[in-house]
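Novice: There's a structure below that I have some questions on.
The values are calculated or read from the model by the stated rules, or taken from the named source; none is laboratory data. None of these values were measured; they are calculated from a predicted model. No Cβ is skipped: glycine too gets one built from the backbone with ideal geometry, and neighbour counts run over all protein chains shown. Surface areas here come from the heavy atoms of the whole protein model, side chains and all, with no ligands, DNA or RNA. Shrake-Rupley method; radii C 1.70, N 1.55, O 1.52, S 1.80 Å.
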Amino acid sequence: MSDTKLARVILHDSDLDVDVNLNASGELLSQMRANTIKDGTGTSYVPLLDVDGHLQIDVLSALPSGTNTIGNVNVLHNKTIKNATGSISATTAIVAAVTGKKIKVFAYSLIMSSTTAVTCTFNNGAAGTALWTVPLQALSGTISGANLAVSIPSFLFATGAGVLLELALSAAVSVTYSISYWDDDAD
């Protein structure tokens, strides 16, 4: 197999210019370049595709400040991922309210070792509406747990704006929790 250029094909239409260099085996040797595209603010970008056709773009540096979307995909531009971890045996506020912000949880883990059944409920505020409920009970001498995570910018549940996140327990047993979240502007 040789990297000697055998053919160069240039395709053009109103949406895409493709410059393809092939070797003797018909494999791509060089990048393809698309026409300039514009984001919602009118800023122009020239996206690059590698030889496998994958988009090559530095998403965070390409987004102007305050822009949170690329097409219809929301990104966490200028958001900080936060974590809360602890061990509780009674209903507790696990994330404090943030004025004007929703708490969006994208991952959690709950672990306990009691043979007493407990229902763990994430609430929208103190004694508020249930957002997510997980029943746990361990066999004698074992631990029991549950965990779930989704890729951001998706999230499992969110509080209302300016409302704390509470973890309520139905029984006085020790539960270790860990959550990952970000606070986001109210819709």
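Novice: Would you please list the contacts, defined by Cβ atoms under 8 Å and residues six or more apart or on different chains, that run from a residue in the stretch 72-96 that is within 17 Å of residue 111 (Cβ to Cβ) and open to solvent by less than 70 Å² (accessible area, probe 1.4 Å) to a residue that is charged (D, E, K, R) and at pLDDT 95 or above?
Specialist: Close Cβ pairs satisfying both conditions: 92/166; 94/166.
Quick grid of which residues meet (1) at pLDDT 95 or above; (2) in contact with a helix residue (DSSP H, G or I) (Cβ under 7 Å, 6 or more places away or on another chain); (3) surrounded by 15 or more Cβ atoms within 10 Å (Cβ to Cβ):
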residue: 104; (1), (2), (3): yes, no, yes
residue: 124; (1), (2), (3): yes, no, yes
residue: 135; (1), (2), (3): yes, no, no
residue: 140; (1), (2), (3): no, no, no
residue: 149; (1), (2), (3): no, no, no
residue: 155; (1), (2), (3): no, no, yes
residue: 159; (1), (2), (3): yes, no, yes
residue: 167; (1), (2), (3): yes, no, yes
residue: 187; (1), (2), (3): no, no, no
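Novice: Can you tell me which residues in the stretch 130-175 are in contact (Cβ under 8 Å) with a residue 60 or more places away in the chain and within 10 Å of residue 112 (Cα to Cα)?
Specialist: 173, 174, 175
Novice: Here is a further query. Could you grab me the full set of residues in the stretch 106-122 that are part of a strand (DSSP E or B) and open to solvent by 40 Å² or more (accessible area, probe 1.4 Å)?
Specialist: First pass over the stretch 106-122, keeping only residues part of a strand (DSSP E or B): 106-112, 118-122.
Within the stretch 106-122, 111, 119 qualify.
Novice: It is to be established whether one or more residues within the stretch 169-183 are more than 19 Å from residue 85 (Cα to Cα) and buried (at least 17 other Cβ atoms within 10 Å of the Cβ).
Specialist: Here is the first cut: in the stretch 169-183, the ones more than 19 Å from residue 85 (Cα to Cα) are 170-171.
Remaining after also requiring buried (at least 17 other Cβ atoms within 10 Å of the Cβ): none.
No, the conditions are met nowhere in the stretch 169-183.
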